[in-house]
1. Using a 7 Å offset from the Cα along the Cα-to-Cβ direction at both Arg117 and Arg185, what is the distance between the two label points in nm, to one decimal?
2. Taking a quarter of the surface of the Cα convex hull of region 427-517, what do you get in nm²?
3. Specify which residue in the list Ala571, Gly634, Leu623 is farthest towards the positive end of the charge dipole of region 567-635, using unit charges on the beta carbon of Lys, Arg (+1) and Asp, Glu (-1), about the Cα centre.
4. What percentages make up the Cα-Cα pair-distance distribution of region 46-115 when the bins are 5 Å wide from 0?
5. In nm, what is the difference between 0.36 nm times the number of residues separating Glu343 and Val103 and their Cα-Cα distance?
6. For region 467-529, what does the convex hull of the Cα positions come to per residue, in cubic angstrom?
7. Tell me the Rg and the Dmax, in Å, that the Cα atoms of region 345-395 produce.
8. Quick check on region 562-623: what are the equivalent-ellipsoid semi-axes from the Cα gyration tensor, as sqrt(5λ), descending, whole Å?
Amino acid sequence: LDASGRWRVDYLLQARDDLSLSVPLEAVWKERGATAHFLDRRFDHPHAEVLASLGQAARLFAPIDASLHEAHPVGCDLSGGEAYLFLREAAPLLEEAGFGVLVPGWWKRTTAKPTVRLRVRGMKKTSSGMMGLDAVVAYDWKLALGGAELTQEELERLAALKEPLVRLRGQWVELQPDQVDAALRFMAAHANGKMSLGDVLGASLTGEVGDGEIEIEEVTADEWIGDLLGRLRGGEALAEVPSPETLHGTLRPYQQRGLSWLAFLSRYGLGACLADDMGLGKTIMLLALLLHQKSQGQLTKPILLVCPTSVVGNWQHETARFAPDLRLLVHHGAGRVGRAAAESFAAEVANYDLVVTTYSLLPRDEDTLATADWGGVVLDEAQNIKNAEAKQSRSARKLKAPMRVALTGTPVENRLAELWSIMDFLNGGYLGSHKRFHEKFAYPVEKLRDPQATARLQTLVRPFVLRRLKTDPTVISDLPEKIEMKEYCPLTREQVTLYEAVVRDGLRQIEESAGDMQRRGIVLAMLSRLKQVCNHPAHFLGDGSALVGRSGKLIRLEELIEELLAEGDRALLFTQFTAMGDRLQPYLQERFGIEVLYLHGGVPQQQRDRLVTRFQSADGPPLFLLSLKAGGTGLNLTNANHVIHFDRWWNPAVENQATDRAFRIGQTRNVQVRKFVCTGTLEERIDAMIEQKRELAEKVIGTGEGWITEMSTTELRELFSLRAEALEE
């Protein structure tokens, strides 16, 4: 920039054999002294070569051409816009063409992006200390550009110049118009100095605010809110909460840390997702939290715990075992309190510390449950609200309470939308609307495999999700090994015939289907029928015919049972089909002359508890047959050291939950897990596919069958077609 305020490019001649040597063209034209010697050694016709080079440069940057009308060009004048164009676009092109280019040192620094420095001012906590992420906090902010703080007037003045290069505090900086506009929008939106605690935390964790247009350079806070932010960011250790004296049991070190984590978040009214692996004792950690709160005089209102019907009895037994000081009420069944008169419900539950109800009752008793003044809401097996639009999910979000906890071993089974649903229950609005979450996270992570979106979601979620795996020796070292293996079973000739008939008929219906909904229905029905064929012809036909010798899976199952009975072992046998279980139980009892316990969805709660107690007894039966849905969660069956998945749910998370009925705390032997797969069939191909789809759940904190319906007809034909190795020899 010259004295008149014009930008200028000066021309110099540089030596190819020594790039440190260069002379201004003004000296070249005069050819005197050292310059003449410099030219004589390197050029035959220096003037002609200089003009030729300038002509070449003019083709890459047009303003140079005007200077070539002079007899002895030494440089060219530029406007501010032309200077910016030269620095941004022409300089790299000239360097690529072989020209040496010297630019000001300030240009090589990073573009001066507007940044914000936030300071959250101290606030008074409520008497309970519970604030929640929607609490409004006061703050001061400063906008900075290139390290220099700006007032709104200064930024508006810079924006009015409409120049990409401006002088600020004695230095030249590059301004992007869209970034300046974003900064002005930020100023207008935050003129009142108020934002939610959730926004402050998001800014602190990700360095962004709003849609990420403005970078947060620094977030500072004093007093208790500074302590909260520091611990949520992971920079400071949590204060250890001692194990309650009224807890009848001893917490392991990782459970002690889990209790401290739950107590910390609940103290500030922040939702917590305890997502420890199955079998690590989420139940005892939650009970320890309630006992701790009771000992501190904080448990003044009842806690509502929602769980699947199948584990109501488990909560009753575990509470009686570990926390008998907690007054527990089960709100379930025809005789439940408040069914006839909702007004009596609130008065009754106020006499209890813990009220247990079920997901099926949430929408049915929504108005009744709303009458109570809850101190907290806990969702056990929280994956039951993974579908945000389901009735029970909507009812769960409507429940009012200052403390919210989700217990689940599988925060993500199929899609990230499930994580959003759980997080929206815990900390409403923290991850934005469902639509915004899909645009900002679900689509980039699931479809585009965007590592930045993945990292940002991890950063936002991590403070509120505690996930430990029992296979991690740093978490727990007193569990044996889990040995997983596949049992590849051939089809009998009868199965091959039925399989091929189902494939031909199903593909014909798919090709003739009228729309997407009909096509999806046909594909799902076809999947179910092929699974039945792979299990047993009698399962598919439903004709009550004999079982012996007609199924490759059953033949292999009989061999395994013979071996484990000979060793004195015990096994859990899972099937997703009640119809198959109905046939297997009497068959196996007769075949081996032993009692086979059988648990399915139609078994009443009391009988269910008796079956579990019977199997866990020292003289209990060696085989326990369970339907996957009824027996896949909430049971402690550590007397089994074998787990057999007779048919596949094609969902790793669900299968692992079922396996964890045996592989959990209290298990003293290695657990052998066998998953049956029919060779040459869709079972073998889908088994390979789901191994790849585990990646989603592992990255962000698993998969059902819906994704199969989206395959093309050609892909389905390849998936379903039977290979030669399927047939039993």
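1. In this crude spin-label approximation the distance works out to 2.5 nm.
2. For region 427-517, the mean projected area of the Cα convex hull comes to 12.4 nm².
3. Working it through, the farthest residue towards the positive pole turns out to be Gly634.
4. Using 5 Å bins, I get a P(r) of 3, 14, 24, 24, 16, 9, 5, 2, 1, 1, 0 for region 46-115.
5. Working it through step by step, the gained length comes to 78.5 nm.
6. It comes to 141 Å³ per residue, whole-number rounded.
7. 11.5, 33
8. Values: eigenvalues 74, 52, 17 Å².
Over the Cα atoms of region 562-623, the semi-axes work out to 19, 16, 9 Å.
The values are calculated or read from the model by the stated rules, or taken from the named source; none is laboratory data. Not measured: the values here are computed from a predicted model. Note: ideal-geometry Cβ built from the backbone for every residue, glycine included; neighbour counts use all protein chains shown. The area values use the complete protein model at the heavy-atom level, side chains included, leaving out ligands, DNA and RNA. Shrake-Rupley method; radii C 1.70, N 1.55, O 1.52, S 1.80 Å.
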